[in-house]
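Beneath this line is the structure, given in structure tokens, with notes to follow.
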Amino acid sequence: MPIRKIPKNYRNVTGIAAHSKAQGQAMFESTLERDFLMLLEFDKNVDGFEVQPIKLKWLNEQGKSRSYTPDTLVYYKKQTQCPTLFEVKYRSDIKENWKILKPKFKAAIRFCRENGWKFKLITEVEIKTTYLESVKFLLPFVRRGAENEDDMMILDDKLSQLKVTTPKNLISSIYSDEINQASLLPTLWYLIGGRQIQIDLASKITMSSKIWKG
């Protein structure tokens, strides 16, 4: 559960995202944090995550009490992958406020070492990618679920025959009319989002993207 409430901010986008992997409310204080949570929700290696799960406290060199609340704690499905405490920041913020942020990050690194976790700083360079755009496109189809189980079987059987193809060629090889072709698309994107059908998520998804069996 988050240890503090995120106040409304008229400079940044704030809110609560609906994510099934979130333990407690998935609150965010910026679009960058919102996008990061979306990546976690889509990541099959992520078992769950908590937003602002802990508050770290320490004394500075002057003996004054200081505190810091990291953004997100991520749990992974693989037992060999330890929980990771993430801080999400724009690079410009890090550069501008480094003197203030440095002791906070040092406290987080020390805490993670003591608890067998990892601490990782992540920025827009790692988040704002073509992969993120793929996730934003596919995640709604994954959440909605398959609209027609028969369509799942039809798509799977045809792709097994074609081996490697494109969304456009796959649906046109099943139906000749545009209406029925269009009816297959939500289920196709669902299968791709669930990784039952593979696609290069690091490239822009189009009807001409290469797809193959998962």
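All of the numbers you see were taken from the coordinates with simple rules; none came from a lab. Computed from a prediction, not measured in an experiment: that's the story for all the values here. All Cβ positions, even for glycine, are placed from backbone atoms using ideal geometry, and neighbour counts span all protein chains on display.
Brief remarks on what is shown
- The residues neighbouring residue 76, those whose beta-carbon lies less than 15 Å from its own, together hold a net charge of +2 under the Lys/Arg +1, Asp/Glu -1 convention.
- DSSP beta bridge pairing in the chain, given as percent antiparallel to the nearest 5: 75 percent
- From its DSSP helices (H runs of at least four residues, each -39,500 (n - 2.57)), the chain gives a residue-normalised ellipticity at 222 nm of -13500 deg cm²/dmol.
- Length-normalised contact order of the chain in % [C-alpha pairs under 8 Å, at least 6 apart]: 15 percent
- Rounded to 10°, Cα long-axis angle of helix 178-193 versus longest principal axis of the chain: 40 degrees
- Highest to lowest packing among 177-184, 189-196, scored as the average C-beta count within 10 Å: 189-196, 177-184
- Per-peptide average of other Cβ atoms within 10 Å, ordering 22-35, 113-126 highest first: 22-35, 113-126
- Angle between the chain longest axis and helix 98-115 axis [Cα atoms, degrees, rounded to 10]: 80 degrees
- Helix 130-144 axis, angle to the chain major axis (alpha carbon atoms, nearest 10°): 70 degrees
- Contact order normalised by residue count of segment 15-127, Cα under 8 Å, 6+ apart, percent: 22 percent
- Ellipsoid semi-axes for the chain, based on the Cα gyration tensor and the rule √(5λ), read 42, 16, 15 Å when sorted largest first.
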